[in-house]
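Asker: So that we are looking at the same thing, I have put the structure below in structure tokens.
The values are calculated or read from the model by the stated rules, or taken from the named source; none is laboratory data. Because the structure is predicted, anything quoted here is derived from the model rather than measured. With ideal geometry, Cβ positions are generated from the backbone for all residues, glycine too; neighbour counts draw on all protein chains shown.
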Amino acid sequence: MEKLLIRGAVPLKGAVPVSGSKNASLPLMAAAILAGGRSVLRGAPALRDVLTMGALLEQMGARFHFSPGDCLAEIDTAGLNRPLADYELVKTMRASVLVLGPLVARHGMAKVSLPGGCAIGARPINLHLAGLEKMGAAIELEEGYVIAKTRGKRLKGASLYFDLPTVTGTENLMMAAALAKGVTVLENAAREPEVVDLATALSAMGARIEGAGGSLIEIEGVDELRPYSHDVIPDRIEAATFAVAAAITGGDVLIKNVRPEHLDAVSIKLRETGASVKKTPAGLKVKAEGRPRSVNITTTPYPGFPTDVQAQFMTLMCTADGTSTINETVFENRFMHVPELKRMGADIELQGGMAAVRGVPALKGAQVMATDLRASACLVLAALAAEGESIVHRIYHLDRGYEQMEKKLLALGADVQRIK
């Protein structure tokens, strides 16, 4: 099993390109199911989750080809004839549930294993299933699988309200509604850029969608859709991770291929710590000198502070002057990185969904173990800032969401090495 060896306390300097968004690529790949023929996704990152989604589509009878050098994913669904998502693939990636809506909408049925993925708390798909039922699907749960079938020839438009904004729920039902008969209204919908990117691709396929990016989305179903050719948006979470890496190491980093407007909440908080965050024609430039100031954050759905950057920002606060509070409101079990940070000398006290972080003079190198995707990123950041040598174990989590992270860090001057 591979791990990262990092010798810290080296300021990061230089420029780093951001890969295409994993969280946008996966629903876009699922959307290819909605049309017969060859869809092309440009800018897809060379990540394990992207390959897993490709394998899932192949298992259904589609053809999938990925060119890592060109960041090009090609999906031909002309031969897709097996609307089944097996446990062996679904258990490794929660986003596999995104095939549910497209399969039911276009093929009339789907059998999808209940999802797995990072162990960061309960992320039930009941909102997905309730929405499909209101659209006319019959839902059964059998031996760990969701079996969904249309009662007529097509799903029917419906007015759907989410008790809590859900990104995958919004995406799944938006895709299902694109081929439903009539109009579907999604209220309290997720507003994330990845939802907007999916809506843009669906519209290019012939879907009629209004309101994406707001809390109310209206979809008028059409009889059929055509394959897409689409450029995926940059990964805002990867960009935020490198921004925090620049701040925690006292570095000076230009983050390229980024949409700064997607990072407003993170940029505001970084500026509050004393870091300089500037938009330039070439990207987002982050520069920091001296110890950061303590800042409080609360994670909320977009456009608020993202839960996917909470662990990274907590690591920055471990090295700050004063005490900060971090409130996690999205996932109830997303502080599993805290014991590992404590191994490096962090002073953190947990009280339910809140963490009190007291800054220490310096983090110390140690052997630590990643528990999930974003926890692995925060431990890498901690190792970059720490005095001495650190080893981050179980970096297969990291490889699910960051494309060649150690190579990008090496280009910024970090002392990092991938070892067996």
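Asker: So residue 46 ticks every box in (1) touching a strand residue (DSSP E or B) at 6+ places or on another chain (Cβ under 7 Å); (2) small (Gly, Ala, Ser); (3) under 28 Å from residue 383 (Cα atoms) but one. Which box is left unticked?
Answerer: Failing condition for residue 46: (1).
Asker: Give 373, 384, 379, 363 a once-over and let me know the one that is over 17 Å from residue 12 (Cβ atoms) and assigned by TED's automatic domain parsing to the domain that holds residue 326.
Answerer: When all the criteria are applied, what remains is 373.
Asker: Assuming residue 289 fulfils every condition listed in (1) under 29 Å from residue 166 (Cβ atoms); (2) surrounded by fewer than 16 Cβ atoms within 10 Å (Cβ to Cβ); (3) of a type outside the set (Ser, Thr, Tyr) apart from one, which condition is it?
Answerer: (1)
Asker: Which of (1) without any contact (Cβ under 8 Å) to a residue 60 or more places away in the chain; (2) in a loop (DSSP other than H, G, I, E, B) is the odd one out, the single condition residue 303 does not satisfy?
Answerer: Unmet condition: (1).
Asker: If you don't mind, there's one more thing I want to ask. Does the range 152-174 contain at least one residue that is more than 21 Å from residue 35 (Cα to Cα), modelled with pLDDT under 95 and among the polar types (S, T, N, Q)?
Answerer: Within the range 152-174 (the criterion being more than 21 Å from residue 35 (Cα to Cα), modelled with pLDDT under 95 and among the polar types (S, T, N, Q)), the answer is yes, since at least one residue qualifies.
Asker: Out of 44, 32, report the one residue that is over 22 Å from residue 407 (Cβ atoms) and buried (at least 24 other Cβ atoms within 10 Å of the Cβ).
Answerer: Working: 44 fails: over 22 Å from residue 407 (Cβ atoms).
So the residue among 44, 32 that is over 22 Å from residue 407 (Cβ atoms) and buried (at least 24 other Cβ atoms within 10 Å of the Cβ) is 32.
Asker: If you don't mind, another one. Within the set of pairs 6 or more residues apart or between chains, which connect a residue that is closer than 16 Å to residue 185 by Cβ inside the range 197-213 to a residue that is part of a loop (DSSP other than H, G, I, E, B) with Cβ atoms less than 6 Å apart?
Answerer: The qualifying pairs are 213/191.
Asker: Still on this structure: Condition first: hydroxyl-bearing (Ser, Thr, Tyr) and crowded, with 17+ Cβ neighbours inside 10 Å. Can you find one or more residues in the range 75-88 that meet it?
Answerer: yes
Asker: Got a sec? Which of 261, 289 is without any contact (Cβ under 8 Å) to a residue 60 or more places away in the chain, part of a loop (DSSP other than H, G, I, E, B) and not assigned by TED's automatic domain parsing to the domain that holds residue 164?
Answerer: Only one candidate qualifies: 289.
Asker: Okay, moving on. List every residue pair whose Cβ atoms lie under 9 Å apart, where the two residues are 6 or more positions apart in sequence or sit on different chains, the first residue falls within the range 331-344 and is at pLDDT below 95, and the second residue, located anywhere, is of a type in the set (Lys, Arg).
Answerer: Close Cβ pairs (under 9 Å, with a partner that is of a type in the set (Lys, Arg)) amount to 331/123; 334/374; 337/374.
Asker: At negative phi, under 26 Å from the mean Cα position of the chain (by Cα) and either assigned to a loop (DSSP other than H, G, I, E, B) or at pLDDT 95 or above (or both): is that true of residue 129 in this structure?
Answerer: no
Asker: Select from the range 164-199 the residues that are more than 27 Å from residue 331 (Cβ to Cβ) and surrounded by 19 or more Cβ atoms within 10 Å (Cβ to Cβ) and list them in ascending order.
Answerer: 178, 179, 180, 184
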